[in-house]
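The values are calculated or read from the model by the stated rules, or taken from the named source; none is laboratory data. For clarity, every value in this text was computed on a predicted model and none was experimentally measured. No Cβ is skipped: glycine too gets one built from the backbone with ideal geometry, and neighbour counts run over all protein chains shown. The protein model used for the area step is the full one, side chains on, heavy atoms only, and it has no ligands, DNA or RNA in it. Shrake-Rupley method; radii C 1.70, N 1.55, O 1.52, S 1.80 Å.
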Amino acid sequence: MGSIHNISTKEDVEFKTLDGLTLRGWLFAGPPRGPAIIMTPGFNLTKDMIIFEAGQYLNAAGFTVLGYDPRCIGMSDGMPRNDTQPQKNMEDYHDALTYLKVHRRDLVDPDRIAFWGYSFSGAIALCAAALDKRAKAVIACAATTTWEFSKWKQVLAKAMKDRESQLAGNPGMYLPLLTETGEQPAGLGTGYQKEDVLGIIKRHASIEPSFIPRTTLQTYYNIAAFRPMALMQFVDPTPVLIMTGENDEISPPQLQRKLIFDAITGPKEFVTIQNRAHMDILTGDGSLEVFEKQADFLNRVMAPSKGTNGVRRRG
């Protein structure tokens, strides 16, 4: 793997979605007609927070990397702002692949494009791969396993009142990513306090002007209507790498294995990173090893020659 000190050249790019939005991100160019990776960051995060470092590592390993802000977030178009739409997020991976396939053919081998996602977008990337067989591999890091929230009835009731209010001409309601006590306001998942997610959010908000640490109330309606685990069986035959930190309490490893890995019947690998949790699986000392494992996986399953992908099924 190339050294991270060989700073990658990143190009500002944008592409259109089928419903007419412009999504904006970065392209780290790899060797001509080489393999490529499409990546997005976690829940309500911008590309600056995850994609910049991850993109450089994987680009140094020989991949063209396209990382972009999800719709309604960061520099990408979409209204209302900070409205997370998992169904559309999934579709946007398809349109990102089309952008590389059609508009960057000089740079990318269209038969060697992979989807990559972290946390929330780990599940999104898997769902996108289930429906888009143009993608030849998928990597999901610390993929979200909790898609029901503990305050289900209250939040959905408020979401309906919010719809009524908006139809009366009022602005939509917003919720913070976490409360001041570090709790998820809709009850979506647990374990945030132990990993100081609130502190991480505050630090990023102070240095990344495009990161807004709140979401629409309707985000939780969108999440409630999205059933990602029903799609896992359709990922086959696309090779899958599931990576988890052994201490992840937000997306517990046992749930990632049970709900995602065990539901996938095709070529798959499950890698546990020692002494890592949800928020630090891709950062700090030891992260180079994590990206080396990802690069090794992609080099094996997306080899230029037409043949077996070389991934053994693991129970």
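Relative to the first principal axis of the alpha-carbon coordinates of the chain, what is the inclination of helix 120-131, with its axis defined by its Cα atoms, in degrees from 0 to 90 and to the nearest 10?
60
Local charge sum around GLN274 (other residues, Cβ-Cβ under 13 Å, Lys/Arg +1, Asp/Glu -1)?
Details: positive: ARG276, LYS293; negative: GLU246, ASP248, ASP280, ASP285, GLU289.
Summing Lys and Arg as +1 and Asp and Glu as -1 gives -3.
Taking the full set of protein chains and a 1.4 angstrom probe, give the accessible area of PHE270 in square angstrom, rounded to the nearest 10.
Its heavy atoms expose roughly 30 Å² to the probe.
Please compute the Kirkwood hydrodynamic radius of the chain from all pairs of different C-alpha atoms, in Å with one decimal.
19.6
For ASP77, ASP285, ASP196, write out the residues from largest to smallest accessible area, computed with a 1.4 angstrom probe and no ligands counted.
Values: ASP77 55, ASP285 140, ASP196 75 Å².
From most exposed to least exposed: ASP285, ASP196, ASP77.
Could you tell me the accessible area of LEU259 in Å² (1.4 Å probe, neighbours in place), rounded to the nearest ten?
Spelled out: LEU259, probe radius 1.4 Å, area about 60 Å².
Would you mind classifying the stretch 144-241 by shape? Square roots of the alpha carbon gyration tensor eigenvalues, ordered a ≥ b ≥ c; an a/c under 1.5 is rounded, otherwise it is prolate if a/b is larger than b/c and oblate if not.
oblate
What is the helix-to-structure angle for 287-301, meaning the angle in degrees between its Cα long axis and the longest Cα principal axis of the chain, kept from 0 to 90 and rounded to the nearest 10?
Tilt relative to the chain: about 60 degrees.
Here are some pairs, LYS16/LYS133; LYS136/LYS293; LYS161/LYS202; which of them have Cα atoms lying more than 26 Å apart in this structure?
Table pairs above 26 Å Cα-Cα are LYS161/LYS202.
Just to check I understand the Karplus step: with θ = phi - 60° and J = 6.51 cos²θ - 1.76 cosθ + 1.60, what whole-Hz values come out for the stretch 203-214, glycine and proline as x?
Running phi through 6.51 cos²θ - 1.76 cosθ + 1.60 with θ = phi - 60° gives 5, 5, 4, 7, 10, 10, x, 7, 8, 10, x, 8 Hz.
Compare PHE52, PHE261 by solvent-accessible area with a 1.4 Å probe and give them largest first, with all protein chains kept in place.
Values: PHE52 80, PHE261 0 Å².
Sorted by accessible area, descending: PHE52, PHE261.
Helix 86-103 versus the longest principal axis of the chain: what is the Cα-based angle in degrees, 0 to 90, to the nearest 10?
Long axis of 86-103 versus the principal axis of the chain: about 30 degrees.
If each DSSP helix of 4+ residues adds -39,500 (n - 2.57) and the sum is divided by the residues in the chain, what number results at 222 nm, nearest 500 deg cm²/dmol? Let's see the in-between values first.
Details: 7 runs with 93 residues, N = 315.
Counting only the DSSP helices, I get -9500 deg cm²/dmol.
Would you rank GLU195, GLU11 by solvent-accessible area, highest first, keeping every protein chain in place and using a 1.4 Å probe?
GLU11, GLU195
If amide H atoms are built 1.01 Å from N in the plane of the peptide, which residues on other chains or at least 5 residues away come under 5 Å of the amide H of ALA137?
For ALA137, the qualifying residues are PHE115.
At 1.4 Å probe size, what's the solvent-accessible area of GLU183? Round to the nearest 10 Å².
100
Pairs of alpha-carbon atoms within less than 8 angstrom and 6+ residues apart define the contacts here; what relative contact order does the chain have, in percent?
Contact order relative to length: 17 percent.
Under the Kirkwood approximation for Rh and a Cα-based Rg, what ratio Rg/Rh is obtained for the stretch 33-176? Present the calculation step by step, with values, prior to reporting the outcome.
On the way: Rg = 17.0 Å, Rh = 16.3 Å.
Taking Rg over the Kirkwood Rh, I get 1.04.
If you average the alpha carbon positions of the stretch 211-257 and of the stretch 29-101, how far apart do those two centres end up, in angstrom?
So the separation of the two Cα centres works out to 16 Å.
Under 1.5 on a/c is rounded, so check that first for the stretch 211-295, then, if it is not, pick prolate when a/b is larger than b/c and oblate when it is not; a ≥ b ≥ c are the square roots of the alpha carbon gyration tensor eigenvalues.
oblate
Just check the stretch 157-315 against the gyration tensor rule for me: Cα atoms, a ≥ b ≥ c as the square roots of the eigenvalues, rounded for a/c under 1.5, and otherwise prolate or oblate depending on whether a/b exceeds b/c.
Prolate shape, in that a/c is at least 1.5 and a/b is the bigger ratio.
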